[in-house]
Amino acid sequence: MKTSTIDHDYFLEFDRRQRRIEIHLVVAFFAGLAVGLVGMLGAGRIPGWAGQVYDPYAYLALTVAVGATATGFGWALLTTFLAAVSTVVATMGGGALRGDLDVTLLGGTPAGLHWTFALLVGLGLLAYATRRDDRWGDLAAGVIGAAVVTDVVDRATPGFIAAEPYFWPLPALPVGALAAAAVLLLRRTGPARARALALAAVIAGLFAMGLAVLPGG
């Protein structure tokens, strides 16, 4: 009678991987709740510059972190979607606690809410793509950095679509520096980091030129 041998190491590693996935899902959900709730409850109670930094960059940082730490593309999609949903739910809950129950609190309008939600999930998936060791990983990191820098330029430039008084030079400069640091952290080697930063600068420049020719730009 033959005896079957069981690869205990394989099953132990499989079990550890499943636990990591479960923990990642739970952390993504509760982190989204925390970020959304803090942002809503803190609105109007924290200094203006802090509010300008928190919204939207705390939300973007959350989905980038969630996507970059996912164990697969499908899990990156699920966890970033979960984090974005929980952020929206927490924002609505925080608004209800303050007597302002409005589903468009995050994004300003129904279209803005949909765009913000798509942006959060999209950046999370790009963050997962930065784990690639090829030029596509460099491009993904560059697009993430360019998205943040473009938003900073849009908010800091008078006459642009989303221009905000007193956004320049603070908090625009620190946010831009953090965006560059994030690009560096998302890549693993010096050449990859240099390529990603160069791509971020080029793409952000193209986006800024597009903003300049749009109505209100």
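The values are calculated or read from the model by the stated rules, or taken from the named source; none is laboratory data. All of these numbers come straight from a predicted model, not from anything done at the bench. In this analysis, Cβ positions are derived from the backbone assuming ideal geometry, glycine residues included, and neighbour counts consider all displayed protein chains. Surface accessibility is based on the protein's heavy atoms, side chains included, excluding ligands, DNA and RNA. Shrake-Rupley method; radii C 1.70, N 1.55, O 1.52, S 1.80 Å.
All but one of (1) at pLDDT 95 or above; (2) in contact with a Leu (Cβ under 6 Å, 6 or more places away or on another chain) hold for Val149, so report the exception by its number.
(2) is the only condition that Val149 fails.
Restricting to the stretch 63-84, count the residues that are closer than 15 Å to Ala118 by Cα, open to solvent by 20 Å² or more (accessible area, probe 1.4 Å) and touching a helix residue (DSSP H, G or I) at 6+ places or on another chain (Cβ under 7 Å).
Total meeting the criteria: 4.
Of everything in the stretch 85-101, what is open to solvent by 20 Å² or more (accessible area, probe 1.4 Å) and touching a residue at least 12 places away in the same chain (Cβ under 8 Å)? Give them in sequence order.
Val85, Val88, Val89, Met92, Gly93, Leu97, Arg98
Only one residue in Gly44, Gly32 is loosely packed, with under 11 Cβ neighbours inside 10 Å and within 24 Å of Leu113 (Cα to Cα), so which one is that?
Step by step, each of Gly44, Gly32 is checked, and only Gly44 is loosely packed, with under 11 Cβ neighbours inside 10 Å and within 24 Å of Leu113 (Cα to Cα).
Which condition number does Ala140 fail, the rest of (1) open to solvent by 30 Å² or more (accessible area, probe 1.4 Å); (2) part of a helix (DSSP H, G or I) being met?
Condition not satisfied by Ala140: (1).
Just a yes or no: is a residue in the stretch 71-81 of a type outside the set (Lys, Arg), in a helix (DSSP H, G or I) and closer than 25 Å to Ala180 by Cβ?
Yes - at least one qualifying residue is present in the stretch 71-81.
Would you tally the residues in the stretch 12-69 being assigned to a loop (DSSP other than H, G, I, E, B) and at pLDDT 90 or above?
1
So which pairs qualify, if the first residue must be in the stretch 155-168 and free of Cβ contacts under 8 Å to residues at least 24 places away in the same chain, the second must be assigned to a loop (DSSP other than H, G, I, E, B) and open to solvent by 50 Å² or more (accessible area, probe 1.4 Å), the Cβ gap must be under 6 Å, and the two must be at least 6 apart or on different chains?
As it stands, the answer is Ala156/Trp168, since those pairs meet every condition given.
Anything in the stretch 157-166 that is over 18 Å from Val213 (Cβ atoms) and not acidic (Asp, Glu)? List them, or say none.
Pro165, Tyr166
Restricting the search to the stretch 169-192, which residues are in a helix (DSSP H, G or I) and touching a residue at least 40 places away in the same chain (Cβ under 8 Å)?
Selection gives Pro174, Val175, Leu178, Ala182, Val183, Leu186, Ala192.
If you check Pro169, Pro158, Pro191, Pro215, which single one turns out to be surrounded by fewer than 13 Cβ atoms within 10 Å (Cβ to Cβ), farther than 23 Å from Thr63 by Cβ and modelled with pLDDT of 95 or more?
Pro191
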